[in-house]
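Here the structure comes first, spelled out in structure tokens, and everything after it is commentary.
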Amino acid sequence: MALSSADSSASLRLAIDYLPQGIAVFDAGLRLVVSNRRYNLLLALPEDLIREGTALFDIALFLAERGDLGVGDAARLAIERINLLTEAPITVTQRLGNAGQTLEFHSSRLSDGGLVITFSDVTARVKAERELERVNFSLEGRVEERTADLTRVNAELEIARAKADAANHDKTRFLAAASHDLLQPLNAARLYTSTLIERAKSTAFAELATSIEASLTAVEEIMSALLDISRIDSGALKPAPAPVAAQDLLRKAEVEFAPLAREHDVTLRIVKTAASVMADRSLVGRIVQNLVSNAIKYTPAGGKVLVGLRRRGNRLRLDVIDTGIGFNRDQHRLVFAEFSRLDRAARMAQGLGLGLSIVQRLVLAMDLTLELDSKEGRGSRFSLYLPVVRNARPAQGESWPMVESNVGTLNLKVLCVDNEKAILEAMQGLLEHWGCDVRVALSLKQIDRERLLEGWYPDLVLMDYHLDQTSGLDAIEWLRHNLGGHLPAALVTADRSPAVRALAEDRGILVVTKPVKPAALRATISGLANQSGRGTRVG
């Protein structure tokens with residue numbers, strides 16, 4: 001059963017309630033969409049001002065009348081405060097709270113005119129800064145006192161920094177756990193809508209089904225971006241460079257984005273290469289993924305995107321070149337800013353403008369060089385410089401299947417195992433629509449208890465990683481042992497950690513991340529079918 005919008009909203013609200021900062025999101029009319037518990041507690045707002053649809057002016061007027069915004073006419077103070085928060089794309093301000101604490105506010109305008117406000121209690125930090133100022137003011141003649149005071153203040157700052165780091169790590173761990181739970185129902189919803197889209201072709205429901213799919217894709221992209229930013233900023237992502245066949249990186253981009261390019265009527269060309277580079281496969285792959293995705297999204301129909309490598313001294317330059325909208329030199333810095341999008345780009349595609357911000361963070365984390373060349377109206381070139389590997393055998397990459405167009409019938413026997421019943425139902429519906437003979441199970445025990453495999457040998461297995469009593473990798477090994485021979489398998493999981501991907505890679509098992517993209521799933525199934533010797537038959 002697909003997750004309702006009410007359940008999705010409740011899950012999102014639960015997630016943001018655990019953030020250490022106060023956060024509130026307002027729509028283009030500056031009316032409250034959602035706020036978290038920390039926001040409501042720090043501002044001490046009454047119940048009628050934290051309801052969805054409350055005007056930002058009503059909140060500001062309440063604060064002004066209470067005296068939070070200073071002395072003067074309450075309405076004028078409220079309007080001045082709103083103007084201060086909205087006058088620029090990004091603002092940072094401080095003011096005293098109702099309890100005398102110092103609050104620091106960060107506001108960001110969204111592409112649709114909405115507003116995101118986050119704030120936190122920085123009383124301890126401001127107090128430490130003021131104390132440091134006082135000590136520095138009277139340094140002359142008091143060297144011993146200065147040394148003692150600075151030692152004390154630095155100790156306080158170190159404690160505050162350690163607490164901030166701990167909170168950041170806690171946030172990262174929470175987001176990682178919460179994301180798995182949120183991605184699971186989102187995956188089921190994506191599978192259901194994919195089936196709906198295919199069955200609704202040439203009907204009055206086709207446009208509605210496509211709109212639902214677009215909304216789910218936007219949610220997935222935002223969640224993935226926020227998780228990536230959180231992991232990078234907290235230091236949870238540790239680069240592990242190793243020799244990599246550059247063609248593996250390019251092939252993955254081709255498999256993932258060929259369907260998107262066809263959808264946008266954009267020609268995607270990947271230039272083959274035999275070169276090897278020293279790189280963290282997962283992190284560099286994420287950079288390539290974001291650059292290629294952006295290039296396709298912001299290239300008008302009929303345009304082209306080219307991806308390939310060029311030798312530049314002792315490095316290789318990985319180019320992503322498009323004939324898209326481009327931008328002028330004055331806008332170069334702006335394209336890498338969070339929540340910042342150019343006007344024309346915002347009209348072409350949805351999003352919060354986080355993709356290139358993630359790229360820049362990853363480039364800095366790996367100490368690489370990213371080059372940008374763009375001309376407004378003519379296109380852009382993003383170039384990532386990577387060290388060349390000589391006389392070293394690159395690590396065996398994932399065996400990416402051939403790009404498969406969404407045509408024809410798949411006459412395959414597919415076993416699906418997942419501990420979420422809704423995901424199994426959605427997966428079964430999609431695969432049966434593609435012409436597959438599908439059997440599903442919540443666990444290995446169910447397979448054994450119901451004798452699902454008696455007289456029925458699957459061509460391939462799609463396996464979740466987090467099962468109730470074992471891992472998906474161990475479950476695949478159990479099936480291979482009991483069925484005999486080589487059983488092609490793919491791990492379908494919401495766990496995006498490098499450790500899980502590395503374990504799967506060691507066992508020759510492909511990884512498909514949830515929420516599943518139907519085109520990528522179909523291409524993966526076709527590749528696995530070729531491994532089994534069945535191939536894909538067109539009905």
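Things to note:
- Sites GLN446 and ALA160, calculated FRET efficiency, Cβ-Cβ separation with R0 41 Å, nearest 0.05: 0.20
- Here the simple spin-label model places points 7 Å from the Cα toward Cβ, and for LEU132 and THR470 these points are separated by 5.6 nm.
- Put simply, the Cα atoms of region 5-121 extend 44, 30, 25 Å along their principal axes, the longest span coming first.
- Using R0 = 22 Å, the C-beta based FRET efficiency linking TYR18 and LEU41 works out to 0.95.
- Gained length - THR123 relative to GLU376, 0.36 nm times residue gap less alpha-carbon distance: 86.5 nm
- Each of MET278, MET427 was scored by other Cβ atoms within 10 Å of its Cβ. Listed from fewest to most, they are MET278, MET427.
- Overall form of region 404-532 per C-alpha gyration tensor (a/c, 1.5; a/b vs b/c): rounded
- Spacing of the two label points (7 Å from each Cα toward its C-beta) at ILE79 and ARG507, in nm: 6.6 nm
- Efficiency of FRET between ALA499 and GLU52 - r from beta-carbon atoms, R0 41 angstrom, step 0.05: 0.55
- In terms of surrounding Cβ atoms within a 10 Å radius of their Cβ, ASP418, ASP495, ASP506, ASP448 rank from fewest to most as ASP506, ASP448, ASP495, ASP418.
- In a fully extended conformation the segment linking THR91 and GLU432 would gain 117.6 nm over its present Cα-Cα distance, using 0.36 nm per residue.
- For region 435-539, chymotrypsin sites (Phe, Trp or Tyr not before Pro) meeting the loop criterion (DSSP other than H, G, I, E, B) and having at most 12 other Cβ atoms within 10 Å: TRP456.
- Exposure proxy order (Cβ contacts within 10 Å, fewest to most) of LEU42, LEU85: LEU42, LEU85
- Antiparallel %, DSSP beta bridges [both residues in region 5-121], to 5: 100 percent
Since every read-out is calculated from the coordinates, none of them should be taken as a lab result. For clarity, every value in this text was computed on a predicted model and none was experimentally measured. Note that each Cβ is placed from the backbone with ideal geometry, even for glycine, and that neighbours are counted across all protein chains shown.
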